[in-house]
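These notes concern the structure reproduced below.
The values are calculated or read from the model by the stated rules, or taken from the named source; none is laboratory data. None of the values given here were measured: they were computed from a predicted structure. Note: ideal-geometry Cβ built from the backbone for every residue, glycine included; neighbour counts use all protein chains shown. Remember, those area values only see protein heavy atoms, side chains included, never the ligands or the DNA or RNA. Shrake-Rupley method; radii C 1.70, N 1.55, O 1.52, S 1.80 Å.
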Amino acid sequence: MQLTHVKELESKYILGTYARYDVLVERGSGAYLVDRSNKRYLDLLTGIGVNALGHNHPRVKQLLRKQIKRPLHVSNLFYHEYQGRLAEKLSNISGLDRAFFTNSGAESIEGCLKFARAYAGRVSTNGSGRKYRILALENSFHGRTLGALSATSQKKYRDPFEPLVPGFEFVEFNNVEDLQRKFTDDVCAVMIETIQGEGGIRLLSEEFYHAARRLTAERGALLIADEIQCGLGRTGRWFAFQEFVSPTDKDALPDIIACAKPLGLGIPLGAVLLKERVAAAIRAGEHGTTFGGGPLACRVSIEYFRIIEDDGLLGYIADTGAYFKSRLEELRSLPVVKDVRGRGLMLAVELNVPGKEIVKKLLAEGFVTNCTHDTVLRFLPPFVITRKQIDKFIRALQAVLAAEPIGPEAETAPN
Ligand SMILES: *Cc1c(COP(=O)(O)O)cnc(C)c1O
């Protein structure tokens, strides 16, 4: 089937919610994607941070061959050997105690919200009134289900679906005073992304993190870290908040962490990690899922962590990410470049112009990137990307951006 036929079918039968790249993906290998016409693309987006070890990893392939002989699904009515082992691994790297497995980011966030409300209702009540309000941050993105959307500030995602779940309010990003002002007695949780992804690769400040941690602890509320995009190695640490907190400093850790994206390497898998104190407030039967934490997904996920450790990838991500960022910094001299941000292999160039056309031009040149927040070029390359591949991309990016005529003055100049 050719791209034109695929597009015809989709335009007739698929709900029109996606704007797709004009590429029919055929296969992938390492940092490269190949389309039906055999064109190769260096993949700096990796399925929005999911294919973190690159495409078609030999160890993952081998494991899939083995596991395919076993039941693909057993439901959460039975035991299988991989959930507990994966939960142990997640506990070891996070410092939190227990895991609940899900199928996606949004489903992980739903779990976080429900657990925070249940905890507030049972353990940390507020005298007469109920603690239920959740503070999230401006420009946050936590997913598309009604609960996750209620914690997502951006109007374009929310507007058509109002009224959303009550009890959410937004705090100005990195503004500790605004957090203090909005932190009333009925707040049960503060939710952060340590690095905002869809919001344009914005880094939470260490000061704000610790202020949120201190306030929630003092007032009997919980700190929820959405590490769906920035976590699980992407920044060169297992979790992005570990930039501010050592895993052994239990008091400074978040109370709940949401994971997903690369966790199952493309097999849908997410997780909510909880401190024992929070986990103890949730009773049997109060939450669940049919698919979450299946044997195939969990076994692949265990292999994900093994590969990262065996290949020393966390250190490699930190080094390669610093190199990539330094190369992006060189582009600051171009008039269209407004800012360069990020950590590890979660990087961005903010432009003075919309980024959509630039993404298309880069695609034509054989590079998969993406634009978020209208003007932010976002890069989530695979952890195995090499300096040589980065150099190749920088040359192309430099050429495309240098050809861009409009700077901020030109764009905003009257007549
Ligand atoms: C992608 C993402 C989500 C939602 O994940 P889905 O799997 O698309 O539901 C939530 N939070 C953050 C930070 C994300 O990047």
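Solvent-accessible surface of the chain, taken per residue with a 1.4 Å probe and all protein chains present: 46 Å².
Classify the chain: rounded, prolate or oblate, from the alpha-carbon gyration tensor (a ≥ b ≥ c, eigenvalue square roots; a/c under 1.5 rounded; otherwise prolate if a/b is larger than b/c)? Since a/c reaches 1.5 but b/c is at least a/b, the shape of the chain is classed as oblate. Extension gain for the segment Arg214 to Lys388, taken as residue separation times 0.36 nm less the Cα-Cα distance, is 58.3 nm to one decimal.
The length gained by stretching the chain between Gln62 and Val25 to full extension, at 0.36 nm per residue less their Cα-Cα distance, is 11.1 nm.
Estimated from helical segments only, the mean residue ellipticity of the chain at 222 nm is -11000 deg cm²/dmol, where each DSSP H run of four or more residues counts as -39500 (n - 2.57).
For the stretch 278-287, backbone phi angles converted through the Karplus equation (6.51, -1.76, 1.60; θ = phi - 60°) give residue-by-residue couplings of 6, 4, 5, 8, 9, 9, 3, x, 7, 8 Hz, Gly and Pro being listed as x.
Among beta bridges identified by DSSP and lying wholly in the stretch 70-310, the antiparallel ones come to about 45 percent. Please work out whether the stretch 230-322 counts as rounded, prolate or oblate from its C-alpha gyration tensor, where a ≥ b ≥ c are the square roots of the eigenvalues and a/c under 1.5 means rounded, while otherwise a/b larger than b/c means prolate and anything else oblate? Oblate, since a/c reaches 1.5 and b/c is not below a/b.
Oblate is the label for the stretch 38-97, because the ratio a/c of its alpha-carbon gyration tensor axes (a ≥ b ≥ c) is 1.5 or higher and a/b is not greater than b/c. Counting only residues at least eight positions apart within a chain, or on another chain, the lysines with an alpha carbon under 23 Å from that of Lys388 are Lys39, Lys325, Lys360, Lys361. Hey, which aspartates and glutamates would be in cross-link range of Lys7, C-alpha to C-alpha under 20 Å, not counting anything within fewer than 8 residues on its own chain? Within the straight-line cut-off, Lys7 pairs with Asp22, Glu26, Asp35. Determine the relative contact order of the chain: mean sequence separation of Cα pairs under 8 Å and six or more apart, normalised by residue count, in whole percent. Relative contact order comes out at 21 percent. Protection proxy ranking of 229-238, 161-170, 251-260, by the mean of other Cβ atoms within 10 Å over each peptide's residues and highest first, is 229-238, 251-260, 161-170.
Restricting the trypsin sites (Lys or Arg not before Pro) of the stretch 32-70 to loop positions (DSSP other than H, G, I, E, B) with no more than 11 neighbouring Cβ atoms within 10 Å leaves Lys69.
The trypsin sites (Lys or Arg not before Pro) of the stretch 264-366 meeting both criteria, a DSSP state outside H, G, I, E and B (loop) and at most 12 other C-beta atoms within 10 angstrom of the site's C-beta, are Arg283.
So what's the Cα pair-distance distribution over the stretch 70-310, bin width 5 Å, in %? Taking every Cα pair in the stretch 70-310, the percentages come to 1, 7, 15, 19, 20, 17, 11, 6, 2, 1, 0. Annotation for Asp35 and Arg332: the two label points, set 7 Å from Cα along the Cα-Cβ direction, are 3.5 nm apart.
Atom-type composition of the exposed protein surface of the chain places 52 percent of the accessible area on carbon and sulfur (1.4 angstrom probe). Of interest is the spacing of the C-alpha centroids, which for the stretch 178-201 and the stretch 34-81 amounts to 33 Å. Taking the average, over residues, of other Cβ atoms within 10 Å as the packing measure, peptides 307-315, 368-376 rank 368-376, 307-315 from highest down.
The distance between label points at Ala364 and Asp159 comes to 3.1 nm (points 7 Å beyond Cα on the Cα→Cβ vector).
The protection proxy used here, the mean number of other Cβ atoms lying within 10 Å of each residue, ranks peptides 132-145, 198-211 as follows, highest first: 132-145, 198-211.
The value of relative contact order for the stretch 70-310, using C-alpha pairs under 8 Å at least six residues apart, is 30 percent. For the pair the stretch 128-169 / the stretch 90-120, the C-alpha centres are spaced 17 Å from each other. Glu206 label point, 7 Å along Cα→Cβ, cut-off 19 Å on backbone N: hits in the stretch 245-260? Only 245-254 fall inside the zone, counting backbone N under 19 Å.
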